[in-house]
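Below is one structure, written out as structure tokens; comments come after it.
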Amino acid sequence: MNYTRITYEKGDKAIIVEVEKTELNYEEFMSLLEVFINSSPYSKHEIESYVLDWAADIRASHEN
């Protein structure tokens, strides 16, 4: 069976999301990430802060 899986492990805990497909388009991949993020133990504020910092880093790298 072919699938795409995203796994996060910390100690004895793990979050795993997967879809039975290997050739994901952009929307499918982002939906998989959304499920993964929503399954995490982090608060919405923590996730938003991280994503905004990450986006700023990406923007800065494109501008340089």
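For the condition surrounded by 10 or more Cβ atoms within 10 Å (Cβ to Cβ), without any contact (Cβ under 8 Å) to a residue 60 or more places away in the chain, part of a loop (DSSP other than H, G, I, E, B) and of a type outside the set (Phe, Trp, Tyr), what is the one hit in 49, 40? Reasoning before the result, please.
Values: 49 fails: part of a loop (DSSP other than H, G, I, E, B).
The match here is 40.
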Would you confirm, using the coordinates I've provided, whether residue 35 is surrounded by 12 or more Cβ atoms within 10 Å (Cβ to Cβ), outside any helix (DSSP H, G or I) and either touching a strand residue (DSSP E or B) at 6+ places or on another chain (Cβ under 9 Å) or without any contact (Cβ under 8 Å) to a residue 40 or more places away in the chain (or both)? no
Regarding segment 12-24, can at least one residue be identified that is out of contact with any His (no Cβ under 6 Å at 6 or more places or on another chain) and either part of a helix (DSSP H, G or I) or touching a residue at least 60 places away in the same chain (Cβ under 8 Å) (or both)? no
Quick check: anything in segment 31-48 over 11 Å from the mean Cα position of the chain (by Cα) and aliphatic (A, V, I, L, M)? no
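Here, each number is a calculation from the coordinates, and none is a lab measurement. The structure displayed is predicted, hence computed values, not measured ones. With ideal geometry, Cβ positions are generated from the backbone for all residues, glycine too; neighbour counts draw on all protein chains shown.
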